[in-house]
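Here's the structure, in structure tokens; my notes come after.
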Amino acid sequence: MLATQASGDSLAFVDPADPANPLVASVVVGQAPWDVFVAGGQAFVSTAEGVAVVDLDDRRRTGLIPYANPAGRIEYGEYRAGGTGLVASADGAFVYVAVLRADGTSVLEKMDVTAGRTVDSVEVGLRPFDVLLSGDGAQLYTIDHDSFSVHVVDAESLAARRIEVAPFGIQGGLASWEKPHYAAIDDAGNLLLPYQGLALAVVNPASGAVTVEKMTANSHQHGTAIVEDTLLVIGTGAFGNSTGTPNFTVRDLATDAEEIVPLKRLHETVAPWVHPETGRRYALLSGGYTRDGFWDGITVIDLETFEQQELAVPGRPQALAVVPSGQP
């Protein structure tokens, strides 16, 4: 696994199968790394300075692509300027990164990795925590945290359109807690956005239609992922109209049945992981929560028994990515 070490400047290589010594290596990528995405045998990391390109075989940074909208001043934490969510084309030729400007507005930049520069950009919603790519690679989706929205962006032309996603309304504006953070894409190509452990917004990117399904965690939700037919969601506790405690939702997408797993710590993102020897399925939850309460580690949850184990990973590990089979 890979984990961005958000309080510093590095990308961690982590082996969850070795809980006694999980940190394999750290590679300097740039200050305040946020997200990481793997494609074409490389890892791409959004930092406050630019997008780092990391060779997974050699475990070294081979490039740092500067933003067309530079941060100006290097800072850390949830509100720092610089790159946030990012994805790359399947071959790793292009990177699409959301960039928070110093004035608080946001833009999606398209980077040519070989040329090492931004080739196009488009305005999107405020502070996109997450950027996703459609299954066919034709569209991008920015999850606009402070705009109650998703932007659907053509990967070639960067033509964009906005879909409002606000199951609890937009009252409170920037001060509202009922806003999106992360999303996942189901087999039908819909975007799944959990809100507050109370509602799951299902967004059809083609039509713009939004339907809302009930959730039961009653916990302010952040990291989201899908493994097979199961939705995994992190709950961070009582904020806004959610009144519960930190927990982890395991939702069967076929039946909508949910298992709610209590958590003792706060977390930010989640990634599925399969043990290479046993084939057993796990969820990895990063301790690098973007607000107060973060910690230096990753929680490993067995998706059959829901037993938990902690891995010590320094540097406020925030975003996680799976290293494909065959990579070191």
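Within 10 Å, count the other beta carbons around each residue, average over each peptide in 72-79, 49-56, and list them highest first.
Numbers: 72-79: 13.0, 49-56: 22.6.
For the peptides 72-79, 49-56, the packing ranking is 49-56, 72-79.
Just the accessible area per residue of the chain, please: how many Å² with a 1.4 Å probe?
Averaged over the residues of the chain, the accessible area is 39 Å².
Once each part is reduced to its C-alpha centroid, what is the distance from the stretch 257-310 to the stretch 111-162 in angstrom?
If you average the Cα positions of each part, the centres end up 28 Å apart.
What ranking do 307-315, 292-300 get when scored by the average of other Cβ atoms within 10 Å per residue, highest first?
292-300, 307-315
For the pair S89 and I170, what calculated FRET efficiency results from E = 1/(1 + (r/R0)^6), where r is the Cβ-Cβ distance and R0 = 30 Å, to the nearest 0.05?
Working from the Cβ atoms, E equals 0.35.
Please list 171-181, 94-104, 16-26 highest first by mean number of surrounding beta-carbon atoms within 10 Å per residue.
94-104, 171-181, 16-26
Report the calculated FRET efficiency for A312 and T114 (r = Cβ-Cβ distance, R0 = 41 Å), to the nearest 0.05.
Result of the calculation: an efficiency of 0.65.
Mind putting a number on the dipole of the stretch 146-257 about its Cα centre? Charges go on the C-beta only, +1 for Lys and Arg and -1 for Asp and Glu, and I need it in Debye to the nearest 20.
For the stretch 146-257, the charge dipole is close to 400 debye.
Can you give the local net charge around F94? Use residues other than it whose beta-carbon is closer than 13 angstrom to its beta-carbon, Lys and Arg +1, Asp and Glu -1.
-4
Please report the carbon-and-sulfur percent of the accessible area for the stretch 48-132; probe 1.4 Å, protein heavy atoms only, DNA, RNA and ligands left out.
For the stretch 48-132, the apolar C and S fraction of the accessible surface comes to 47 percent.
So, with a 1.4 angstrom probe, what is the percent of accessible area on the stretch 134-285 that is carbon and sulfur?
50
List the pair-distance distribution P(r) of the stretch 181-273, using every Cα-Cα distance, as the percent of pairs falling in each 10 Å bin from 0 up to the bin containing the longest distance, rounded to whole percents.
Whole-percent P(r) values from 0 Å outward: 19, 54, 25, 3, 0.
Taking square-rooted eigenvalues a ≥ b ≥ c of the alpha carbon gyration tensor, is the stretch 44-110 rounded, prolate or oblate, where a/c under 1.5 means rounded and, failing that, a/b exceeding b/c means prolate? Don't skip to the answer; put the middle values down first.
Working: a/c = 2.40, a/b = 1.61, b/c = 1.49.
Here the stretch 44-110 falls in the prolate category.
For the chain, count the residues as N, evaluate 2.2 N^0.38 Å, and divide the Cα radius of gyration by that value, please.
That works out to 0.91 for the chain.
Taking every pair of distinct Cα atoms and averaging 1/r, then inverting, what Kirkwood hydrodynamic radius in Å comes out for the stretch 132-191?
On the way: mean 1/r = 0.0813 Å⁻¹.
Over the stretch 132-191, the inverse of the mean reciprocal pair distance is 12.3 Å.
The values are calculated or read from the model by the stated rules, or taken from the named source; none is laboratory data. These numbers come from a predicted model, not from an experiment. Ideal geometry is used to build each Cβ from the backbone, glycine not excepted, and the neighbour counts take in all protein chains shown. Note: accessible area is taken over every heavy atom of the protein model, side chains too, but ligands, DNA and RNA are not part of it. Shrake-Rupley method; radii C 1.70, N 1.55, O 1.52, S 1.80 Å.
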